[in-house]
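Written out below as structure tokens is the structure these notes cover.
Laboratory data are not the source of any read-out in this text; all were calculated from the coordinates shown. Keep in mind it's a predicted model, so treat the numbers as computed, not measured. Positions of Cβ are generated from backbone atoms using ideal geometry, with glycine treated the same way; all protein chains shown enter the neighbour counts.
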Amino acid sequence: MSTHLTGLTSAEAADRLERFGPNQLRAQKTEPQWRKFLRQFQDPLVYLLFIAMGISLGAWIVEGATGAPIDVIVIAIIVIANAILGYTQEAKAADAVAALAKMTAANSTVMRDGKQQTIPSHNLVPGDVLLLAEGDAVGADATLIEATDLYIQEAALTGESEAVHKTPEPVADDAPLGERTNTVFKGTAVVRGVGVAEVQHTGMDTQMGSIATMLADTEQDQTPLNKEITEVSKMLGLLVVGIAIVVMAALILINGARTPEEMVQILILGVSLAVAAVPEGLPAILSLVLAIGVQKLAKHNAVMKNLPSVETLGSASVICSDKTGTLTKNEMTLQRVVTASGTTLLGGAGYDPTGTVTDTTSDVARDEACQAVMAGAVANNAQLDRAEDGTWEIVGDPTEAAFLVALPKFGADVAENTPGRDERVSENPFSSERKMMSVTTTDRLYAKGAPDILLELCTTELRGGAAEPLTDERRTSIQETITGLSAQGFRTLGVARRDGNDPAEENLTFLGVAGIMDPPRSEARDAIAEAHRAGIRTIMITGDHPVTAASIAHSLGIDAGPGGSMAAGDTGGTSVGKAVTGREIDAMSEEEFRAAVATTNVYARVAPAHKLRIVDALQDEGNIVSMTGDGVNDAPALKSADIGVAMGITGTEVTKEAATMILTDDNYATIVSAVEQGRATFDNIRKFLRYLLSSNMGEVATVFGGVVLAALLGLTTGEGGVVLPLLATQILWINLITDSGPALAMGVDPTDESVMNRPPRNMADRIINKAMWWRVIYIGVIMGLVTLLSIDMFYPGGLIAGSDSLDTARTVGFTTLVLAQLFNALNSRSETQSAFHHMTSNRWLWYAIGLGVVLQIMVVHVPFLQTAFGTTALDPLHWAVAIGMASIVLWAEELSKLVRRQLAKPVADTAPAAASQSA
């Protein structure tokens with residue numbers, strides 16, 4: 001099965017994929033659909049309803065089984081309908097998560113058809129030539145062909161935390177797993193170096209596959225949102241069960257239970273009240289609304305790996321961002337080369353290799369610049385390719401690609417005569433600790449890296465085609481050049497070489513300094529300003545030179561170093577400020593470090609450990625931290641952050657695995673947009689919670705008030721018994737048509753334009769706070785009162801003497817409560833804004849309301865539904881009263897909102913800006 005380094009052909013790969021199957025572990029046994037459906041009935045309150053149905057059915061049989069058991073049939077239909085709704089919502093949420101999982105699938109780099117290609121890891125086949133680099137997740141079990149300083153983290157397989165040094169040297173066939181140093185395994189991670197390996201095993205034939213059956217499922221901890229929803233559901237359940245018991249006891253004491261049928265009716269009413277008052281569909285609605293929020297994020301280039309994290313995202317108070325590719329375009333363009341004889345300027349932009357040398361100090365300087373760019377192109381692992389649409393794209397590091405793009409600008413003959421990768425003898429790879437790399441060819445060593453690091457390894461300098469001693473004066477001059485370029489926002493790289501094929505990085509000849517510009521994204525500056533307005537602090541963390549970092553940060557509106565007074569995003573000052581370096585962090589005491597974190601917005605030349613310390617310190621101060629990263633060294637900080645954000649284009653597989661969210665466009669503005677969507681999703685969750693709880697409270701208030709106030713409202717029989725304001729089937733009907741549709745519609749309510757004009761939510765704050773509970777009770781009581789008054793207006797006796805039958809009066813009250821809840825849907829869209837503000841912006845809400853009205857008309861006027869739900873046809877006067885009384889819910893809340901807005905005005909006029917914060 002051996003292959004050469006050109007790899008398999010596409011035809012061979014397709015044939016082997018067919019033969020061996022996809023490179024995937026066997027999926028866990030999925031829960032059958034029928035079991036998922038039955039799970040919808042696994043609720044204590046539904047069990048009670050089943051018991052009530054059984055009692056009712058038994059009473060119907062004892063009494064002769066005459067006619068149809070209407071109560072049993074209607075309750076069964078409604079329970080099944082609720083189960084279907086919950087099952088459908090759960091399935092939609094699961095489908096959304098599955099679709100997002102596909103978007104985050106791992107990739108591998110292979111040689112196919114003689115070219116380097118990136119393919120989904122599940123398409124790897126035995127015989128593929130796998131190219132490994134720092135940060136890659138190993139896609140299959142493979143035997144090494146070549147390796148340079150290659151270290152693999154195999155803790156997932158062996159439990160050993162220390163990375164294993166891998167070499168192509170053969171080992172014994174029976175060597176323990178941890179000692180197979182010539183083999184790399186699926187599911188492990190490259191933490192250092194590069195390598196080439198031939199795939200031997202895929203899918204369940206891998207070592208990871210062999211232990212897959214040993215892995216036990218781990219239950220995921222609930223998020224604060226889920227925990228609070230669970231607590232609320234339990235509390236509300238106990239409350240309404242208590243109320244239901246009180247109502248049933250009151251009915252038994254007042255009416256007596258003279259017959260089994262009366263006892264059954266009381267029991268059904270009490271249980272139905274409990275079921276209706278608890279929003280048992282809330283978990284399914286919550287999951288679906290979160291799934292909708294995640295799908296919206298995906299459409300805006302942000303892939304959230306799990307649903308509950310949307311809640312945390314909206315609460316972010318600090319965004320720690322990489323510079324390259326996130327705040328900048330990540331289209332590194334080599335624009336200047338400074339050599340011993342002068343400066344050479346290059347034209348063009350981005351990855352298009354067309355362009356020319358636009359200006360140069362002299363022909364000698366041009367030749368020196370050409371040699372410098374050539375050295376950078378040889379000491380290089382990037383790849384520049386032309387796509388089918390004619391655009392240029394790179395595989396590898398953008399900074400390395402800048403040399404490949406720049407080289408043809410010196411002439412086609414120069415590019416053609418550059419040593420190729422087939423002339424390599426060895427490579428000393430780049431690492432975050434070394435900050436340089438070198439490649440040895442058959443006759444030279446070429447090196448590039450951080451200029452200050454590389455300069456220390458040089459003893460001579462190229463001048464006019466000859467190597468001259470590198471004097472202290474020239475070293476000082478070169479350092480000044482580096483500082484000057486950095487101050488102008490250039491990323492600087494030094495290049496050097498030495499004749500001979502000795503790979504030792506010493507006694508090098510310095511060729512020059514390349515100035516590479518990655519221009520800031522225009523949208524990033526606007527996004528940083530918007531984040532600042534939303535009370536979110538932006539911190540830039542980069543490996544660049546501190547002067548470069550400070551310059552780029554200033555151009556983006558991120559200013560002030562330690563001791564500075566400017567907040568993130570404040571553009572009112574003129575000072576660029578000072579970036580804090582990793583070396584300076586190491587020299588600080590813990591108290592000094594924490595003080596610096598409180599005021600520093602720009603960090604440069606930092607190591608992975610520094611990033612982790614910064615994140616931890618920010619979290620200790622109570623911040624919700626979002627951290628971006630692309631390299632394997634960013635993974636610990638991303639995992640520690642509340643929201644780890646990986647780059648989808650340049651990010652390594654290890655980083656994507658550690659992250660909570662993946663940006664498909666590597667753009668900082670996408671993070672801010674995602675925060676906005678997270679806030680909007682959280683707001684929508686509060687909207688439908690406010691709606692569900694207040695509407696269900698209205699049902700409780702109606703039945704409870706009807707029993708307690710029966711004498712005052714005339715809801716009594718001639719024998720002194722109590723007339724029930726609503727039948728059990730009517731309560732269940734209300735629960736069915738008013739809970740789900742409007743609540744789901746609120747989950748897609750448009751984003752409030754003011755959502756980014758307020759500070760982040762404190763995670764310690766309750767989602768359902770005291771103010772919301774008071775509004776829930778307020779609206780619930782009003783619903784109960786208008787429903788009972790509607791009944792009283794048409795039923796003889798009570799406060800208002802009516803002349804209609806009990807069935808007619810009850811149907812008016814029933815309809816009033818349904819319409820009141822639909823009016824409440826308009827109320828619940830905002831705590832303070834009028835329901836008439838952007839009233840038509842959510843068409844789905846109007847569809848849900850319209851459907852509810854149509855269904856209520858049917859249940860009132862369709863004969864067989866009249867029989868099932870105990871209703872009678874209403875005339876225009878009845879409908880007018882029901883609509884008018886129901887609308888009181890809207891007007892009462894409008895008055896309440898007006899009062900709240902007036903009370904809030906003096907506070908808003910005198911309070912400082914929401915986004916004001918220290919740097």
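Rounded to the nearest Hz, the phi-derived 3J(HN,Hα) couplings of the stretch 822-829 under the Karplus curve 6.51 cos²θ - 1.76 cosθ + 1.60 (θ = phi - 60°) are 5, 4, 5, 4, 5, 4, 6, 5, where x marks glycine and proline.
Relative protection proxy for 692-703, 433-444, 790-801, 735-746, from highest mean packing down: 692-703, 735-746, 790-801, 433-444 (other beta-carbon atoms within 10 angstrom). The GluC sites (Glu not before Pro) of the stretch 506-549 that DSSP puts in a loop, and whose beta carbon has at most 16 other beta carbons within 10 Å, are Glu506.
Residues whose amide H falls under 5 Å from that of Val722, counting only those 5 or more places apart or on a different chain, are Asn255, Thr717, with hydrogens built in the peptide plane. Under a 5 Å amide H cut-off, with hydrogens placed 1.01 Å from N, Asp544 pairs with Arg605 among residues at least 5 apart or on other chains. Taking other C-beta atoms within 10 angstrom as a stand-in for reagent exposure, Leu508, Leu404 fall in the order Leu404, Leu508, fewest first. Between Gly512 and residues 5 or more places away or on another chain, which pairs have amide H atoms under 5 Å apart, with H built 1.01 Å from N, and which residues are they? Counting only residues 5 or more places away or on other chains, the set is Val495.
Sequentially through the stretch 191-204, phi angles give Karplus couplings (6.51, -1.76, 1.60; θ = phi - 60°) of 9, 6, x, 9, x, 10, 9, 9, 5, 10, 9, 10, x, 6 Hz, Gly and Pro residues having no value and appearing as x.
Among the listed pairs Lys296/Lys897; Lys299/Lys611; Lys687/Lys770; Lys611/Lys656, which are separated by more than 25 Å between their Cα atoms?
Numbers: Lys296/Lys897 30 Å; Lys299/Lys611 30 Å; Lys687/Lys770 15 Å; Lys611/Lys656 17 Å.
Flagged as over cut-off: Lys296/Lys897; Lys299/Lys611.
Note that the stretch 333-517 carries a Kirkwood radius of 16.2 Å, evaluated over its alpha carbons pair by pair. Shown in residue order for the stretch 506-511 are the 3J(HN,Hα) couplings computed by the Karplus curve 6.51 cos²θ - 1.76 cosθ + 1.60 at θ = phi - 60°: 7, 6, 8, 9, 6, 9 Hz (x for Gly and Pro). Listed by chain and number, the aspartates and glutamates whose C-alpha is less than 17 Å from the C-alpha of Lys234, apart from same-chain residues fewer than 8 away, are Asp43, Glu280.
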